[in-house]
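As structure tokens, the structure follows; a few thoughts come after it.
The values are calculated or read from the model by the stated rules, or taken from the named source; none is laboratory data. Source: prediction; values computed, not measured. Ideal geometry is used to build each Cβ from the backbone, glycine not excepted, and the neighbour counts take in all protein chains shown.
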Amino acid sequence: DISRALIAISNNKIVILLLINLVLLVVGTFMDMTPAVLIFTPIFLPVLAAMGVDPIHFGILMVLNLCIGLCTPPVGTVLFVGCGVAKVSIAEIVRPLLPLYAAMVIALLLVTYIPEITLALPRWLGF
């Protein structure tokens with residue numbers, strides 16, 4: 001069972017969140033978002049729920065990870081579509097996007113390790 005193997009790696013929530021982020025970033029580059037959510041939610045959610053991570057927080061983390069993956073080479077489908085629309089090659093566009101990738105990763109880390117960023121509005125609305 002993958003969930004048990006993940007818990008066997010570490011009981012530290014920070015380490016588990018980092019591992020899940022890495023897995024989802026890689027998966028996001030190769031797989032579309034819908035199948036990735038359907039495949040990985042039942043694997044990761046029980047582990048994170050057992051560690052006290054809010055399901056809303058996990059959902060936002062998952063979507064953010066997969067969105068970053070969708071616009072990241074080598075297979076990032078959104079990147080290919082954008083390059084096709086703009087009529088530029090992947091090689092031309094990747095270098096100017098590097099600062100944006102860095103900003104996305106920083107935002108991902110902030111959202112991952114400061115759950116109040118994602119949970120403030122749902123809590124304010126009563127969820």
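For (1) of a type in the set (A, V, I, L, M, F, W, C); (2) more than 20 Å from Ile2 (Cα to Cα), each residue gets a yes or a no:
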position: Ile20; (1), (2): yes, no
position: Pro42; (1), (2): no, no
position: Pro46; (1), (2): no, no
position: Ile56; (1), (2): yes, yes
position: Thr72; (1), (2): no, yes
position: Val88; (1), (2): yes, yes
position: Ala91; (1), (2): yes, yes
position: Leu97; (1), (2): yes, yes
Go through segment 1-33 residue by residue and tally those that are of a type in the set (S, T, N, Q) and either within 20 Å of Ala107 (Cβ to Cβ) or at pLDDT 95 or above (or both). 2
Expected output for segment 12-32 (first residue farther than 16 Å from Ile43 by Cα and without any contact (Cβ under 8 Å) to a residue 24 or more places away in the chain, partner assigned to a helix (DSSP H, G or I) and of a type in the set (D, E, K, R), Cβ below 9 Å, 6+ apart or cross-chain) is none
Search segment 88-112 for residues being among the hydroxyl-bearing types (Ser, Thr, Tyr) and surrounded by 13 or more Cβ atoms within 10 Å (Cβ to Cβ), and hand back the single one that is farthest from Cys67 (Cα to Cα). Thr112
For segment 102-120, enumerate the residues that are touching a residue at least 40 places away in the same chain (Cβ under 8 Å) and of a type outside the set (A, V, I, L, M, F, W, C). Thr112, Tyr113, Pro115, Thr118
